[in-house]
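First up is the structure itself, then whatever we jot down about it.
Quick note: the coordinates plus some simple rules give every number you see, no bench work behind them. Computed from a predicted model, the values in this text were never measured in an experiment. Please note: Cβ atoms are built from the backbone with ideal geometry, for glycine as well, and neighbour counts cover all protein chains shown.
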Amino acid sequence: MSTTTSETPSHKESKGGLEGIVAATTALSKVEGTAGRLIYCGYTIHDLARKTSFEEVMHLLWFGHLPNHKELSDFKLALVAERTMPPMVMQVLRDLPASTEPMDALRTAVSAWGAISIKGHPSIEQALAVTARFPLFLAAFHRLRRGQEPLESRSELDHAANYLYLLTGQVPKDEYIKGLNAYLVLLADHGMNASTFTARVVASTEADIVSAIVAAIGALKGPLHGGAPSKVLDMLNAIGMVDNADSWLHNALAHGERLMGFGHRVYKTEDPRAEELREMSRLADPQGFVLARHVEELALALLEEQKPGRRLYTNVEFYSAVLLAAVGLIGDLFTPTFAMSRVVGWTAHILEQVHHNRLIRPEADYIGPTDLHFLPLSER
Ligand code: ACO
């Protein structure tokens, strides 16, 4: 690891949280917070969200280039071939109480699958095998907790469409497939975020790929990372209708509350993913979009009015929540659906880490005492 200055920061001078520390070099994604740009392997996220399938982005992040026709069709066949659920994993999902959080069920299923399926060094084949199964694990658990039997995948459906089919038993509308596909593309990687860093740390110990992914799922679960997107939905549901928005937002800010879906640690302009998700939300649910857009415009105006120059803009969470609700997902599936996308970035980073590996092992500034007089147990 290196710092942005030539000195190693002590706990006194660092802001904590490794802010400003460069922890790795990567050719996968670049986040430009001031310009509001996000790039995967050289391509702007806007082109990828509008013009590529999630499968093409998997290929891009794992192989470093966008596939041609032949590569894409071979790649899709390989993904479809991996859509199998070992009976042992299904039994684990059946045994979980219906009250289990879907994120916990996903973590458990991935771990159980890894225990019987993964051997050897991390590889693209392993990345593909685990990524192909995320929708299966999630949808199976979701149906089981509702007393429904899990469904078989449909080979003619792509990743996004097959996930919605496995959840509902219905082949989804084109607008839903397009919206979810764009969401999966947009969330697939984002620099050295906490879960990606976690995955790289575990991979750097030469542990297996599934151990690194399970650790990353744990990191993503926390509310400061991926664990709170349904709060935007709670806010929109509490507002309920356009006429309530002004008083609700004024009241929330007057009570010192933060408006969910606004502000970002890195982006000091609009999050480029928000622009794409806004349009996908409009297409997926034109009616629901009216309230969301009205709340967004009012919130931005109020935040600017209250403290001009603070640079608070719409972040990825706002329209992620609107879009995922529009395509039919309930709130507790939002974070595991985020994981279904981000597993591609995690595995790409794991592969990058193991190809140029050095154990990630930072230091800590010890601030406790050093010269206490030891007393044996009988004298304490
Ligand atoms: N609503 C109202 N005020 C806000 C908001 C918000 N959403 N976000 C920041 N502010 C204010 C803070 O109160 C602070 O005001 P002050 O200068 O008067 O004290 C100022 O803006 C700066 O806030 P910080 O907390 O220093 O900004 P930070 O970069 O640490 O926070 C964060 C970023 C956590 C995302 C914050 O903007 C927030 O809490 N937003 C709401 C929750 C949210 O949308 N989370 C999802 C983020 S997207 C993602 O992480 C994937």
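So here's what we get for this one:
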| item | result |
| --- | --- |
| Charge tally in the Cβ shell below 14 Å around Glu101, where Lys, Arg are +1 and Asp, Glu are -1, Glu101 excluded | +1 |
| Amide N proximity, the range 256-299 versus Glu305 label position 7 Å along Cα-to-Cβ, cut-off under 14 Å | 295-299 |
| 19 Å Cα-Cα reach of Lys307 towards aspartates and glutamates, excluding residues that sit fewer than 8 places from it in its own chain | Asp246, Glu257, Glu270, Glu296, Glu297 |
| Which of Arg143, Arg200, Arg258, Arg342 has the fewest Cβ neighbours within 10 Å, and the rest in rising order | Arg258, Arg143, Arg200, Arg342 |
| Burial order of peptide ranges 169-175, 109-115 (average beta-carbon count within 10 Å, highest first) | 109-115, 169-175 |
| Gyration tensor (alpha-carbon) shape descriptor, the range 229-326, a/c threshold 1.5 | oblate |
| Leu375, Leu61, Leu253, Leu180 arranged by Cβ crowding within 10 Å, fewest neighbours leading | Leu375, Leu253, Leu61, Leu180 |
| Protection proxy ranking, peptides 328-338, 345-355, average beta carbon neighbours within 10 Å, highest first | 345-355, 328-338 |
| Ranked list, fewest to most other Cβ atoms within 10 Å of each Cβ, for Glu296, Glu101, Glu19 | Glu19, Glu101, Glu296 |
| 11 Å beta-carbon shell around Thr314, net charge (K/R +1, D/E -1) | -3 |
| Shape of the chain, Cα gyration tensor, a/c cut at 1.5 | rounded |
| Listed residue pairs exceeding 30 Å between alpha carbons, taken from Lys70/Lys268; Lys15/Lys178; Lys30/Lys221; Lys15/Lys268 | Lys70/Lys268; Lys15/Lys178 |
| Gyration tensor verdict on the range 159-303 (Cα atoms; rounded if a/c is under 1.5, prolate if a/b is larger than b/c, oblate otherwise) | oblate |
| R0 of 41 Å, Cβ-Cβ distance Leu372-Ala228: FRET efficiency to nearest 0.05 | 0.50 |
